[in-house]
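The values are calculated or read from the model by the stated rules, or taken from the named source; none is laboratory data. In this text the structure is predicted, and so the values were computed from the model without any measurement. FYI the Cβ positions are ideal-geometry reconstructions off the backbone, even for glycines, and counts take in every protein chain you see. When the accessible area is computed, the model is the full protein with side chains, heavy atoms only, and any ligands, DNA or RNA have been set aside. Shrake-Rupley method; radii C 1.70, N 1.55, O 1.52, S 1.80 Å.
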Amino acid sequence: MDLFSHLNWYSGDFMNEDGEPIKSIPSGKLILVSDTLESEGSFLIHYFLQSIFKSTSTSVGSTSNGGSNNSNGGGACLLGLNQSLYNYFNVGRKLGYNLTTEHNKGNFTFINGLSTPYKWIIEQRLQQLEDQGIDEEPPLDSISQGFNPFPTIHLIDNKNISSSSSFSSSSSSSSSSSSSQYNNKNNNNELKDVLYKIYNEFINDHKKRLINNNNNNNSKTLFIIDGLNLLESHYSTNPSGSNMDILNFLQYCHNYIKENSTTCSMVILYHSDCDEDTKFFNLLQYESDLTINITGLKSGYSKDIDGQLNFIQKDEKNNTFTRVNPIHYQSLDNSIRFFSMGSRIQ
């Protein structure tokens, strides 16, 4: 079975002409993926990437068969805080997509939240050469320089946000209002500057993709934060920060997604067992349109089943939450399989 058709069937919002659920990521939604140390949820991040690149390839295929030249399934803007680009790249190749190829097509943007891990090597070597009186030496090999197959955005190296940062002139009046409100916040600490940069990068990436595809609603952008805990843990060294900064950031992102509900969504990975205080996690669930909780099997170990996905769906009209039937999953080397509870793996 397909994860998204399962979710879209329950929501009833994303159906095709035949009344069948669409096998695609729900648009205009803030999706929270919650995992634990025992049931790690990074596989869903890779599954989301695989799904959106697959839809892009399908759209390109339809274009070659006589469709519109502007048809595009969309792309993803990934903030990597939990894993390195090297890991995303290798897993992607196993699942059938190439991040370098997708980046060259304009379908993938990577924001490096881990900075440049090997930058200190270059600085240290330059100091040694200066001490030895050597003017020039062959450059470092690719391993020492760090894995960087295509240009990326470095979050930490560019965290000082200037007041001149603005959105493109093609933005709608509503999104410009959201931008100015967020920009007028008093960015009096490092965390707020970082959050503002993330917000800017997400929105600029979305608008750039829309412009490149002539504002085609088929061009969807998926914002991904993997994972949110690193931003939250920033408070241990920054007493002036608070969890409200992150919640405010997510609310601005959520408002932007609602304003552009047909062309973007957001997925957040959060490790729910890293903090004994569940207040922040509860607030995240309340803000999200859909929560996917990844847990192990209550019955214990199974060679055919890795765990269970539990869903909590928010009804904004009634401000209520509904539990959707859970499903099982199996994570393989080159694929991820989902199936109804109690059913047999085909």
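Residue 116 meets the stated requirement of being surrounded by fewer than 20 Cβ atoms within 10 Å (Cβ to Cβ), modelled with pLDDT under 90 and closer than 27 Å to residue 197 by Cβ. The residue list 310, 319, 334 contains one member that is within 17 Å of residue 39 (Cα to Cα) and surrounded by fewer than 17 Cβ atoms within 10 Å (Cβ to Cβ), which is 310.
Suppose we filter 3, 7, 37 for residues that are in contact with a strand residue (DSSP E or B) (Cβ under 8 Å, 6 or more places away or on another chain), modelled with pLDDT under 85 and exposed (fewer than 14 other Cβ atoms within 10 Å of the Cβ); which single one remains? 37 is the lone residue from the list that is in contact with a strand residue (DSSP E or B) (Cβ under 8 Å, 6 or more places away or on another chain), modelled with pLDDT under 85 and exposed (fewer than 14 other Cβ atoms within 10 Å of the Cβ). If only residues of segment 322-331 that are of a type outside the set (A, V, I, L, M) and within 30 Å of residue 87 (Cβ to Cβ) are counted, the one that is surrounded by the most Cβ atoms within 10 Å (Cβ to Cβ) is 328.
If you go through segment 64-91 and pick out every residue that is in a helix (DSSP H, G or I), open to solvent by 10 Å² or more (accessible area, probe 1.4 Å) and at pLDDT 85 or above, you end up with 6.
Looking only at residues of segment 92-112 that are under 13 Å from residue 148 (Cβ atoms) and not in a helix (DSSP H, G or I), we find that the one that is most open to solvent (accessible area, probe 1.4 Å) is 112. Name every residue in segment 260-280 that is touching a Phe, Trp or Tyr at 6+ places or on another chain (Cβ under 8 Å) and either of a type outside the set (D, E, K, R) or open to solvent by less than 50 Å² (accessible area, probe 1.4 Å) (or both), in order of residue number. Within segment 260-280, 264, 265, 266, 267, 270, 272 qualify.
Somewhere in segment 134-143, is a residue modelled with pLDDT of 85 or more and either open to solvent by less than 80 Å² (accessible area, probe 1.4 Å) or under 22 Å from residue 200 (Cβ atoms) (or both)? Checked segment 134-143: no residue is modelled with pLDDT of 85 or more and either open to solvent by less than 80 Å² (accessible area, probe 1.4 Å) or under 22 Å from residue 200 (Cβ atoms) (or both).
Restricting 280, 311, 338 to those that are farther than 30 Å from residue 96 by Cα and touching a residue at least 12 places away in the same chain (Cβ under 8 Å) reduces the list to 280.
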